[in-house]
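Since the structure comes first, as structure tokens, the remarks are kept for the end.
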Amino acid sequence: MLPPILSALRLPVVASPMFIVSGPELVIAQCKAGIVGSFPALNAREKDGEPPLLDIWLTRIAEELDRHNQAHPDRPAAPFAVNQIVHRSNARLDRDLEICHRHKVPIWITSLGARPEVNAAAHDCGGLVLHDVITNTFARKAIDKGADGLIAVAAGAGGHAGAQSPFALVQEIRQWFDGPLLLSGAIATGRAILAAQAMGADLAYIGSPFIATPEANAAPDYKQMIVDSGAEDIVNSALFTGVPGNYLAGSIRAEGLDPAALTGATASDMDFGAKGPRPWSRIWGAGQGIGAVHAVTPAATLIDRLAGEYAQARSALCAAT
């Protein structure tokens with residue numbers, strides 16, 4: 001059974017936190033439209049000497065969603081989530097945990113490491129912890145260390161994607177875990193959301209389609225490349241962060257590289273503490289589901305489309321049985 005915070009959504013969807021792309025504008029739009037919006041804490045980067053931007057963002061999100069709820073009590077906003085990168089190179093982790101704890105962030109998404117003290121901080125302020133995993137082994141470790149739910153990141157997902165089929169990954173996790181389970185991997189239509197549930201997941205985890213929205217903090221060329229590309233334009237490589245991820249081939253070519261001849265890297269090359277521009281900041285991530293994206297549209301319009309497709313798919317499936 002899903003916890004109440006996840007069971008009352010307009011659509012069974014959590015928007016995934018995307019590096020650089022996800023910020024307050026996108027999160028607020030997603031939540032107002034009825035799905036969980038999220039952003040990585042590390043996206044809130046202030047200059048030296050300035051107050052923590054994460055603090056400012058959380059205040060803004062909470063205040064705007066509260067105003068929405070007061071104005072629209074019949075359709076309150078969905079809760080929001082903050083992603084914490086639990087990796088040894090993230091020097092900001094302790095500070096960001098304190099800020100999220102103080103703001104009583106309702107949903108915490110943890111990545112690249114499962115640590116009991118992070119889960120304890122979330123639980124202490126009433127938060128729900130969802131941990132993303134790419135294998136059943138990592139899933140067991142996350143639950144053993146105190147996570148409440150799991151995000152199965154399967155093949156085809158944007159960013160740091162896994163290599164396993166969603167059928168295999170969800171199947172293995174569901175053999176022992178009956179808590180909240182989200183599925184990530186090329187989900188870009190309402191039919192795919194329903195398919196994720198039929199497979200055994202509770203909710204879909206969707207990122208790449210939201211890049212092509214006005215609210216996304218992405219370059220216009222990035223948004224247009226999402227619209228113009230399909231699954232065959234996605235390249236998987238560990239070169240750019242040290243962990244295998246999916247990227248747009250067009251952005252790789254634009255940087256003078258051959259997508260078919262990329263060299264490798266290792267996890268030791270990851271650095272989530274860097275303050276300056278990253279060498280591959282214009283290598284753009286995306287998942288294999290972008291073939292369903294045909295225009296840059298507001299987040300609310302995208303969510304309306306997903307909701308309509310989801311309802312139609314459910315009706316059609318019920319009629320067929």
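The values are calculated or read from the model by the stated rules, or taken from the named source; none is laboratory data. Just so it is clear, the model here is predicted, and its values are computed rather than measured. In this analysis, Cβ positions are derived from the backbone assuming ideal geometry, glycine residues included, and neighbour counts consider all displayed protein chains.
Before moving on, here are some points about what is shown:
- Some residue of the range 153-164 being without any contact (Cβ under 8 Å) to a residue 60 or more places away in the chain and part of a helix (DSSP H, G or I): no
- The range 199-236 - residue that is aromatic (Phe, Trp, Tyr) and surrounded by 23 or more Cβ atoms within 10 Å (Cβ to Cβ) and, of those, nearest to Leu130 (Cα to Cα): Tyr205
- Where helices (runs of 4 or more DSSP H) fall wholly inside the range 1-114, the ranges with 2 or more residues that are in contact (Cβ under 8 Å) with a residue 60 or more places away in the chain are 4-7, 24-32.
- If you filter the range 296-318 down to residues that are among the β-branched types (Val, Ile, Thr) and assigned to a helix (DSSP H, G or I), you find that the one that is farthest from Pro220 (Cα to Cα) is Ile303.
- Residue match in the range 10-21 (condition: at pLDDT below 95 and of a type in the set (Phe, Trp, Tyr)): yes
- When residues of the range 194-210 are limited to those that are among the hydrophobic types (A, V, I, L, M, F, W, C) and under 23 Å from Trp108 (Cβ atoms), the one nearest to the chain's Cα centre (by Cα): Ile206
- Taken over the range 134-156, the criterion of being among the aliphatic types (A, V, I, L, M) and in contact with a Leu (Cβ under 6 Å, 6 or more places away or on another chain) is satisfied by Ala139, Leu150, Ile151, Ala152, Ala154.
Conditions tested, residue by residue: (1) surrounded by fewer than 17 Cβ atoms within 10 Å (Cβ to Cβ); (2) over 27 Å from Leu58 (Cα atoms).
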| site | (1), (2) |
| --- | --- |
| Pro106 | no, no |
| Ile109 | no, no |
| Asp124 | yes, no |
| Asn136 | no, yes |
| Ala161 | no, yes |
| Ser165 | yes, yes |
| Pro180 | no, no |
| Ile187 | no, yes |
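- Flag if Arg92 is under 30 Å from Leu248 (Cα atoms) and of a type in the set (Lys, Arg): yes
- Among (1) more than 18 Å from His131 (Cα to Cα); (2) surrounded by fewer than 17 Cβ atoms within 10 Å (Cβ to Cβ), the one test that Pro3 misses: (1)
- Any chance Ala71 is surrounded by fewer than 22 Cβ atoms within 10 Å (Cβ to Cβ), more than 21 Å from the chain's Cα centre (by Cα) and among the hydrophobic types (A, V, I, L, M, F, W, C): yes
- Qualifying residue in the range 237-259 (condition: exposed (fewer than 14 other Cβ atoms within 10 Å of the Cβ) and modelled with pLDDT of 95 or more): yes
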